[in-house]
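The values are calculated or read from the model by the stated rules, or taken from the named source; none is laboratory data. Nothing here was measured: the structure is a model prediction, and the numbers come from that model. Here the Cβ positions follow ideal geometry from the backbone for every residue, glycine too, while neighbour counts run over all protein chains shown.
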Amino acid sequence: MREIETDYLVVGAGATGMAFADALVAASDVDVVLVDRRHRPGGHWLDAYPFVRLHQPSAYYGVNSRVLGQNRVDESGPNAGFY
Ligand SMILES: Cc1cc2nc3c(=O)[nH]c(=O)nc-3n(C[C@H](O)[C@H](O)[C@H](O)COP(=O)(O)OP(=O)(O)OC[C@H]3O[C@@H](n4cnc5c(N)ncnc54)[C@H](O)[C@@H]3O)c2cc1C
């Protein structure tokens, strides 16, 4: 069996694993190996939606998290009182 050396081993090539790997390589100079028991990336979408490919940017999965909104409380409307 061939040995692989890496900085990060990510188990699971679903949206979460791919988003995490994407953020790692975008933010640093590291080696990442992504493994999955399925035959290709995509996670459960391969079963639920075999006719489409997962194409969400990693940011949509919260990896590149940013504060949503403008740190203020809504004063009117259905969200009054909430950030
Ligand atoms: C029916 C359905 C419809 C959805 N529709 C939408 C939508 O329209 N829009 C949206 O944004 N979200 C949608 N979601 C949610 C979104 O698809 C999921 O939140 C997301 O895909 C989950 O990704 P994940 O990587 O966490 O998990 P998974 O997709 O389950 O990926 C986990 C991966 O890890 C692998 N794995 C687990 N254990 C091991 C192991 N020990 N060794 C090797 N591999 C392993 C699995 O094989 C799998 O490929 C939907 C979810 C479902 C169930």
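Below is a table of values for the structure above.
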read-out	value
Conditions (1) at pLDDT 85 or above; (2) more than 10 Å from the ligand (Cβ to nearest atom); (3) not basic (K, R); number of the one not met by D36	(2)
Selection count where residues are over 24 Å from P50 (Cα atoms) and in contact (Cβ under 8 Å) with a residue 40 or more places away in the chain, scope segment 8-37	1
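Conditions tested, residue by residue: (1) within 12 Å of the ligand (Cβ to nearest atom); (2) under 18 Å from the mean Cα position of the chain (by Cα); (3) at pLDDT 90 or above.
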residue	(1), (2), (3)
M1	no, no, no
Y8	no, yes, yes
D29	no, no, yes
G42	yes, yes, no
Q56	yes, yes, no
Y61	yes, yes, no
A80	no, no, no
